[in-house]
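Student: Starting off with a structure, shown below.
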Amino acid sequence: MAEKSELLNVPAFADLPGDQIAWFISQSEELHLKAGDIYIREGDPADAMFVVLEGQLQGRGEIGGETVVFSMKPGDVTGVLPFSRMKQFPISARAVTDGRVLRFPASLFPNLVQKMPELTQRLVGMMSDRIRETTRLEQQRDRLASLGKLSAGLAHELNNPASAAKRATSQLRDVLKRIRDASHELGRRDLTPAQKAEIEKLETSFVQGDEVPRDALTISDLEDQIDSLLRSHGQTDLWQMAADLARKNVKPEALESLFATLEPDTARAALVRIAASVEIATLLNEIESGTSRISDLVRAIKEYTYMDQSPVQNVDIVKSLETTLTILNHKLKQGVVVQRVYEPIPLLVNSFGSELNQVWTNIIDNAIDAMGGKGELRVRTYREDSCVVVEIADNGPGISPEIKPHIFEPFFTTKAVGQGTGLGLDTVQRIVKKHRGNIQVTSKPGDTRFEVRLPLAEALA
């Protein structure tokens, strides 16, 4: 039989009157456990509270979709607690070593509340701690799932320009060989200064030309004209060159001067060199575009996470929104048109690191999902007295009247596990309130608007 002194060593029972301890022991059942014994089974009715007296115990089960394992030692209180709404045990618990536990039936909780009010208060505090820890674990799980999705999207966004740059670099090697061979061929020819000048002039004008045909039909017509010109001068195997020059908007008449001033074989070598120079310029532009895109994404990631920056600083709201739109581009580009209406004067808000970016991410991500990935997203900023107002709207089906009152409640979601951003609008609301602002939503079919009001940094000075 458990002794009073044993319970007094349990933190929840410390300093309680002896008669209360005696009553609790008299109403409890002492369980002697052998290593491996299971005393709580997942799914069984939550009908008892347990106080660990001796031994090492272990709990295992799923909380928030994740498998959790935790240890229990002498002095721990587990099982169902007073005022808990637990109906079934969410875990199983077993003895790791031989041990003893007191089992107090949940049916006697009303008596416990009356006879041991201080213990009840302590147990309610423990239950609050449990809820906070469970909340933390679920939020951490959702954030990790969100981070995985965001990382996958960013990896795709980075892979596209990286692959394009790699492909262009590979092609560049082949083109450099062609231009080298053509240059050697021209070097063996006895060209006059005027002929060399004509080749160089054409090469420079074609390389520097940035006018591109507007449509595929124009390119096709131009390619046919260039190919006909080449064939008329005996060059019947340069169809690929004709296509390359057409994409660069080279006009057939510009090539006539080569055949007018050069021998056919010399003109051919000059054409190969000129076409190779044009292709090199195109490939270099592709490499520059790809690496610039990678650089922009890396910069956006750093700005989004506020890497290498102070935790609290004045943030340009428009810049913050644009960074978030860049991060979410992998979802936006599938069919969402973004309409921007920004206040021309910079609006600064004193922000805690990347927290405001998390707010924009959640609202925009919800809007994209609400529109099924296709629609119009409207982002607007303006000043209202000493506040900046950020309005994010979409033309999706709207929020139903039944759901709208609950969207800011903790853990409320209409999405499957792993599909959200891992924050929830309750967290968004907490972040906004932390910044001394407020958030409002209006919704009807075709027009859902979230308005976030935040005090300007100058107003807080």
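Student: Identify all residues within the stretch 94-107 that are among the hydrophobic types (A, V, I, L, M, F, W, C) and closer than 16 Å to GLU30 by Cα; write none if there are none.
Tutor: Correct list: ALA95, VAL101, LEU102, PHE104, ALA106.
Student: Would you be able to tell me the number of residues in the stretch 73-91 that are open to solvent by 40 Å² or more (accessible area, probe 1.4 Å) and in a strand (DSSP E or B)?
Tutor: Matching residues across the stretch 73-91 total 1.
Student: Taking the stretch 50-72 on its own, how many of its residues are buried (at least 16 other Cβ atoms within 10 Å of the Cβ), out of contact with any helix residue (DSSP H, G or I) (no Cβ under 9 Å at 6 or more places or on another chain) and not small (Gly, Ala, Ser)?
Tutor: Of the residues in the stretch 50-72, 4 are buried (at least 16 other Cβ atoms within 10 Å of the Cβ), out of contact with any helix residue (DSSP H, G or I) (no Cβ under 9 Å at 6 or more places or on another chain) and not small (Gly, Ala, Ser).
Student: Of all residues in the stretch 235-292 being assigned to a helix (DSSP H, G or I) and acidic (Asp, Glu), which is surrounded by the fewest Cβ atoms within 10 Å (Cβ to Cβ)?
Tutor: Going through the qualifying residues, I end up with GLU253.
Student: If I filter the stretch 92-104 down to residues being open to solvent by 20 Å² or more (accessible area, probe 1.4 Å) and either within 22 Å of ASP129 (Cα to Cα) or modelled with pLDDT under 90 (or both), which single residue comes out as nearest to the chain's Cα centre (by Cα)?
Tutor: Among those residues, the one meeting the criterion is SER92.
Student: Tell me the residue from ILE317, ILE327, ILE363, ILE392 that is among the β-branched types (Val, Ile, Thr) and more than 23 Å from VAL298 (Cα to Cα), please.
Tutor: Only one candidate passes the filter, namely ILE392.
Student: What are the pairs with Cβ atoms under 9 angstrom where one residue, in the stretch 33-49, is under 23 Å from LYS87 (Cα atoms) and open to solvent by 60 Å² or more (accessible area, probe 1.4 Å) and the other, located anywhere, is of a type in the set (Lys, Arg) and assigned to a loop (DSSP other than H, G, I, E, B)? Sequence gap at least six, or different chains.
Tutor: Here the result reads PRO45/LYS87, each pair linking the stretch 33-49 to a residue that is of a type in the set (Lys, Arg) and assigned to a loop (DSSP other than H, G, I, E, B).
Student: Let me ask another. Every residue in the stretch 379-392 that is open to solvent by 60 Å² or more (accessible area, probe 1.4 Å) and either farther than 12 Å from GLU451 by Cβ or outside any strand (DSSP E or B) (or both), please.
Tutor: Across the stretch 379-392, the qualifying residues are ARG383, ASP385.
Residue-wise test of (1) out of contact with any Phe, Trp or Tyr (no Cβ under 7 Å at 6 or more places or on another chain); (2) closer than 16 Å to VAL452 by Cα; (3) in a helix (DSSP H, G or I); (4) not basic (Lys, Arg).
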residue: ASN314; (1), (2), (3), (4): yes, no, no, yes
residue: THR324; (1), (2), (3), (4): no, yes, yes, yes
residue: GLU343; (1), (2), (3), (4): no, yes, no, yes
residue: VAL349; (1), (2), (3), (4): yes, yes, no, yes
residue: ALA367; (1), (2), (3), (4): yes, yes, yes, yes
residue: GLY372; (1), (2), (3), (4): yes, no, no, yes
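Student: Next question. Go through the stretch 1-32 and give me each residue that's loosely packed, with under 12 Cβ neighbours inside 10 Å, closer than 22 Å to SER107 by Cβ and of a type outside the set (A, V, I, L, M).
Tutor: Within the stretch 1-32, ASP19, SER26, GLU29 qualify.
Student: So, one more: With (1) within 14 Å of SER28 (Cα to Cα); (2) touching a Pro at 6+ places or on another chain (Cβ under 8 Å) as the list, and VAL77 as the residue in question, which single condition is left unmet?
Tutor: Result: VAL77 passes all but (2).
Student: I'd like the residue in the stretch 190-209 that is surrounded by 15 or more Cβ atoms within 10 Å (Cβ to Cβ) and not in a helix (DSSP H, G or I) and, out of all such residues, is modelled with the highest pLDDT.
Tutor: The residue in question is LEU191.
Student: Return the only residue of VAL175, VAL212 being at negative phi, of a type in the set (A, V, I, L, M), under 54 Å from the mean Cα position of the chain (by Cα) and at pLDDT below 85.
Tutor: Only one candidate qualifies: VAL212.
Student: Out of curiosity, is THR305 modelled with pLDDT under 85, more than 28 Å from MET241 (Cβ to Cβ) and of a type outside the set (A, V, I, L, M, F, W, C)?
Tutor: yes
The values are calculated or read from the model by the stated rules, or taken from the named source; none is laboratory data. Please read these numbers as outputs of a predicted model, since none were measured by experiment. We place every Cβ from the backbone using ideal geometry, glycine too, and count neighbours over all the protein chains shown. Heads up: the accessible areas ignore ligands, DNA and RNA and are worked out on the full protein's heavy atoms, side chains in. Shrake-Rupley method; radii C 1.70, N 1.55, O 1.52, S 1.80 Å.
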